[in-house]
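Heads up, the thing below is written out as structure tokens.
What follows draws every value from the coordinates through simple rules; no lab data is involved. Nothing here was measured: the structure is a model prediction, and the numbers come from that model. Neighbour counts are summed over all protein chains in view; Cβ atoms, including those assigned to glycine, are modelled from backbone coordinates with ideal geometry.
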Amino acid sequence: MSSIIIKNPELVITMDGYGSVLRRQSLLIKDGVIEAIGDYSSIVSAYGQPDEVIDGREKIALPGLIDMHTHVAMAGFRGLASDVSDVIYSVFWPLEKSLDGSTAYKLGLLGALEAVKSGVTLLADHYFFMDEIARAVVEVGVRGLLGHTYMDVDGPFSGPVELAKAIDFIKRWRGHSLVTPALAPHATDTVNRENLVFMAEKAREDGLFIHMHLAQTERELRVVRERTGDTPVRYALRLGLLGAKTIVAHANYADPQERALLAHSGSAIVQCPSTYFLSGVRFHAYDYWQLGGSVTIGTDAPCYNDNIDIFEEMRMLVYGQRMMLEKPNLWSAYDVLEMTTRGAARSLGLRTGIIKRSFDADIVLIDAKKPHLRPLFNPYSLVVYSATAGDVDTVIVKGKVVVRGGRHVSLDEERVIHQAEAAATSVLRRALDENPDLEKRIRVKEI
């Protein structure tokens with residue numbers, strides 16, 4: 001693999017502890033790993049001329065951002081759900097029934113492209129047609145913790161065939177350089193007890209991650225109580241689903257004792273603030289964090305918050321919890337940035353999330369020439385409260401430049417967009433033909 005020097009970035013936010021911000025220090029990347037940090041001339045003297053020099057002037061370098069819960073192919077449903085209630089069951093499922101593998105690939109390519117251009121170097125995604133979405137993720141060049149969504153109660157795709165797909169996906173993709181396959185039971189109300197136990201046992205036996213929704217909706221809470229007498233969190237704990245290799249998304253419908261149980265389970269608890277604001281649901285990120293839980297951040301479905309902008313999610317996390325808890329100084333910008341970098345990487349057992357010698361070179365450069373990013377007084381606040389996805393200039397994943405000058409280095413972005421839009425239109429037409437009442441809910445008359 002070629003060697004790269006990022007020469008003299010204005011700031012390097014290493015995330016190797018609070019205050020560890022370097023000024024005009026160059027970074028040498030070799031064989032996908034950060035080899036040296038220091039003065040440019042000293043690095044060249046010690047290691048020789050690199051294959052590529054990236055001009056870091058007026059740029060802020062930071063570790064690649066980790067999106068711990070998303071469904072990138074749902075970018076194809078953008079604009080259809082933000083003003084609708086009960087969207088999972090009344091909008092998403094009817095739309096998803098009209099998906100096929102080719103469409104999922106095209107929409108996955110659009111979503112993964114949006115993610116990497118937003119500074120995301122790893123995304124945790126579970127969805128249907130995951131083989132096709134994984135192919136899109138690899139084509140974009142971003143890392144993926146990916147699982148084929150499994151449901152056997154309700155949902156657009158369910159039953160033994162889907163379980164076989166989920167297991168086959170693990171076998172096919174294990175050992176891939178960019179993709180880490182995971183088990184992805186949809187939720188405690190959409191998977192029966194037998195298969196939840198099966199997935200918990202298989203995850204332990206094979207060292208796999210589990211990525212699932214948990215305590216996401218009132219419906220899940222009601223159904224699990226009726227079925228088992230338990231709440232979703234207690235049920236998941238009793239079945240052995242929780243632990244250090246489990247990622248749970250949302251966990252909004254959990255009482256104080258259940259929050260403590262979940263925090264102490266070691267599971268990564270993903271919070272997706274924009275989704276909660278749009279649906280009017282309270283969330284408990286600060287409680288989980290105070291209890292010692294591993295709190296991370298996700299963008300969720302890009303058709304619900306309508307973008308993949310993890311910068312926005314970081315500040316929404318702070319805004320939402322400060323308002324709900326009436327604590328004006330809870331968390332610092334560093335705390336929240338840590339959740340999307342070294343904290344998320346730690347929960348996944350990866351040597352990334354920190355800019356440090358011998359760590360994987362997942363690095364983002366932000367264009368600091370923008371007026372809203374000056375002056376450079378507090379780098380953490382600038383990233384969390386001022387930066388947006390549109391400020392991302394360069395993205396490096398495992399030592400390979402994927403985005404340069406705000407553009408993907410190899411994909412024809414316009415073609416990706418047009419193909420995805422055509423695919424999304426065909427899905428919507430099929431869905432409307434099969435569900436005439438859907439038109440009234442999403443308020444789309446002509447396509």
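A protection proxy built from the mean count of other Cβ atoms within 10 Å ranks the segments 225-231, 257-263, 79-85, 138-144, most packed first, as 138-144, 257-263, 79-85, 225-231.
Based on the Kirkwood approach, the hydrodynamic radius assigned to the range 377-447 is 16.0 Å, with every pair of different Cα atoms included.
The fraction of Cα-Cα pairs per 20 angstrom bin, counted from 0 for the chain, comes to 26, 58, 15, 0 percent, rounded to whole percents. The slack in the chain from residue 57 to residue 197, taken as 0.36 nm per residue of separation less the alpha-carbon distance, amounts to 45.1 nm.
Between 93, 252, 293, the Cα set farthest toward the positive side of the dipole of the range 65-348 (charges on each charged residue's Cβ, about the Cα centre) is that of 293. Based on every Cα atom in the range 298-447, Rg and the maximum pairwise Cα distance Dmax equal 19.5, 58 Å. Couplings 3J(HN,Hα) of the range 261-271, computed from phi: 4, 5, 4, 7, 6, x, 5, 6, 9, 8, 10 Hz, in residue order, whole Hz [Karplus 6.51 cos²θ - 1.76 cosθ + 1.60, θ = phi - 60°; x for Gly and Pro]. Ranked by the mean number of other Cβ atoms within 10 Å of their residues, highest first, the peptides 269-276, 66-73, 328-335 fall in the order 66-73, 269-276, 328-335. Pairs of Lys residues in the range 65-348 that lie 8 or more places apart, or on two chains, and have C-alpha atoms under 20 angstrom apart add up to 8.
Taking amide H as placed 1.01 Å from N in the peptide plane, the amide H of residue 246 sits under 5 Å from that of 210, 268, each at least 5 places away or on another chain. In terms of packing, defined here as the mean over residues of other Cβ atoms within 10 angstrom, the peptides 56-63, 215-222, 203-210 line up highest first as 56-63, 215-222, 203-210. Taking the charge dipole of the range 65-348 about its Cα centre, with +1 at Lys and Arg Cβ atoms and -1 at Asp and Glu Cβ atoms, the residue from 118, 345, 241 reaching farthest to the positive side is 345.
In sequence order, the range 413-419 has phi-based couplings of 4, 5, 5, 4, 5, 5, 5 Hz under the Karplus curve 6.51 cos²θ - 1.76 cosθ + 1.60, θ = phi - 60°, and Gly or Pro positions carry x. Calculate how many DSSP beta bridges within the range 65-348 are antiparallel, expressed in % of all such bridges and rounded to the nearest 5. Antiparallel: roughly 0 percent of the beta bridges in the range 65-348.
Its Cα centre serving as origin, the chain has a Cβ charge dipole (Lys and Arg +1, Asp and Glu -1) of approximately 820 debye.
Largest first and in whole Å, the equivalent-ellipsoid semi-axes of the range 119-204 read 23, 13, 11, each the square root of five times a Cα gyration tensor eigenvalue. Between residue 24 and residue 290, the modelled label-to-label distance comes to 4.4 nm, taking each label 7 Å out from Cα in the direction of the beta carbon.
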